[in-house]
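Please read the structure below before turning to the comments.
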Amino acid sequence: MTDTVTERADAEGLRGRIATELERTRARTALLTEVVDDGDLMRQHSPLMSPLVWDLAHVGNQEELWLVRDVGGREPVRRDIDDLYDAFKQPRGDRPSLPLLPPGEARAYLATVRDKVFDLLDRVAFDSGPLVADGFAFGMIVQHEQQHDETMLATHQLRSGPAVLQAPPPPEPAVRLAEEVLVPAGPFVMGTDADPWALDNERPAHRVELPAYVIDAAPVTNGAYREFIADGGYDEPRWWSEPGWRHRQQAGLSAPLHWRRDGDGWAYRRFGRWAAVRDDEPVVHVCFHEAQAYARWAGKRLPTEAEWEKAARWDPGTGRSRRYPWGDDEPTSAHANLGQRHLWPAPVGAYPAGASPLGVHQLIGDVWEWTATGFRGYPGFAAFPYREYSEVFFGDQYQVLRGGSFGTDRSACRGTFRNWDYPIRRQIFSGFRCARDATAEQAHR
Ligand SMILES: [Fe+2]
């Protein structure tokens, strides 16, 4: 009897949490698509991006496919538009020429789907199968929409015209950081079995043994990156991998995306406003090849994905892996620069409460961090709920990025969360930190 009462209360609590997350997420989508006019929504601002109105209706279409049709077993709302909003069938470059739903129709479609989802949420039994256990399918849809919100934020960064987004600046530095942190040799648990909304590629939890290594206490800053530029780093093939140098030549790279010379210094365009590049902020809008070239120039290398995760999650006191660097609690505004609360990375040292037990800072939020690792399944990987979620992307054509950016929502960011992209991409909010092998002396300390 008591068990049933508790279970019922748990299910009601979960329903409430899901409803809050769905609404919070939709408010962000609305903000990103209501600050510009209809013409702007239909326009393609970069060949790399969809028109915002495509993302908008695609978010609704995925919600319809997964929740209304699959979980709910209901009749389709708009089967006729499935192909238009199928990311696999429609390459980004082609999306502006498709007969897309105009903004008003797209918004009405999203509202119809959402009504059905709330109706479904009232009735769903969370013990009726793996797709809905712990509300997983709802969590997947929340994360999917938040990921598109971050993509739409990147589109906003690429659009020309007057600035439309506003946010207060991130906090100022509160502590001075060490350059680097030594991570002792030994095993740690990578990935998760326990996080209910973790995606298939974050599973299963598995033991990884690493030798001692040293990792930067913070992401590489604009100031440090400027030294690489000033030292001729972009003109020196020896710092670049072979594909990296080829890309640097073909694309004419000479500085991060959105930078321009400004007298003796640099300026950086952030959502329609030019600002002087600030030396103590993490560098953002660099591709994997640039990150790798910088690391070689600095006498270091990029961390492997496992090194990044151990630095972020491993607690030397207990030997266990935390959900986040600071512990298992959900991120707050004191822990990390997440969720579009600010529109650029925070200066190094701004989030002492978010540091890992070893003293590694700003792993979560600020900038996605390129790692040296290609995107692959963990040992024992099982595709869920479908191969297209992750498995079709496995392989060395994609590099893993970790930690989320200022534009990533907390629902789509954990110590185990894995993002992947092509090594040439830099329209995303990507930066990096460096690592190196520990010296023999450090390793035996
Ligand atoms: Fe999508």
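Laboratory data are not the source of any read-out in this text; all were calculated from the coordinates shown. As the structure is a computational prediction, the values presented were derived from the model and not from experiment. Glycine gets a Cβ as well: all are built from the backbone with ideal geometry, and neighbour counts include every protein chain shown.
Going by what's in this entry, would Leu110 be described as out of contact with any strand residue (DSSP E or B) (no Cβ under 6 Å at 6 or more places or on another chain) and within 16 Å of the ligand (Cβ to nearest atom)? Against the criterion (out of contact with any strand residue (DSSP E or B) (no Cβ under 6 Å at 6 or more places or on another chain) and within 16 Å of the ligand (Cβ to nearest atom)), Leu110 qualifies. Taken over region 138-154, the criterion of being away from the ligand (no atom under 14 Å from the Cβ) and over 18 Å from Trp420 (Cα atoms) is satisfied by Phe138, Gly139. Over 23 Å from the mean Cα position of the chain (by Cα), within 21 Å of Arg15 (Cα to Cα) and of a type outside the set (Asp, Glu) - does that describe any residue in region 94-108? No: region 94-108 contains no residue that is over 23 Å from the mean Cα position of the chain (by Cα), within 21 Å of Arg15 (Cα to Cα) and of a type outside the set (Asp, Glu). Taken as a whole, the structure places Val189 among residues that are more than 16 Å from the ligand (Cβ to nearest atom), in contact with a Ser or Thr (Cβ under 8 Å, 6 or more places away or on another chain), closer than 30 Å to Val360 by Cα and among the aliphatic types (A, V, I, L, M). Taking region 29-62 as the range and being assigned to a loop (DSSP other than H, G, I, E, B) and away from the ligand (no atom under 16 Å from the Cβ) as the test, the residues that pass are Val35, Val36, Asp37, Arg43, Gln44, His45, Ser46, Pro47.
Take Arg15 and decide whether it is in a loop (DSSP other than H, G, I, E, B), of a type in the set (Lys, Arg) and more than 14 Å from the ligand (Cβ to nearest atom). It is false that Arg15 is in a loop (DSSP other than H, G, I, E, B), of a type in the set (Lys, Arg) and more than 14 Å from the ligand (Cβ to nearest atom). Taking the numbered list (1) away from the ligand (no atom under 13 Å from the Cβ); (2) touching a helix residue (DSSP H, G or I) at 6+ places or on another chain (Cβ under 9 Å); (3) in a helix (DSSP H, G or I) in turn, Asp80 passes all entries but (2). Residues in region 85-106 that are more than 13 Å from the ligand (Cβ to nearest atom) and either closer than 14 Å to Met42 by Cβ or part of a loop (DSSP other than H, G, I, E, B) (or both): Pro91, Pro96, Ser97, Leu98, Pro99, Leu100, Leu101, Pro102, Pro103, Gly104, Glu105, Ala106. Evaluation of Phe126 against the conditions (1) under 24 Å from Cys413 (Cα atoms); (2) within 16 Å of the ligand (Cβ to nearest atom); (3) among the aromatic types (Phe, Trp, Tyr) shows that the sole unmet condition is (2).
Taking region 138-255 as the region of interest, the strands (runs of 3 or more DSSP E) fully inside it that hold 1 or more residues being of a type in the set (Ser, Thr, Tyr) and buried (at least 16 other Cβ atoms within 10 Å of the Cβ) are 213-216.
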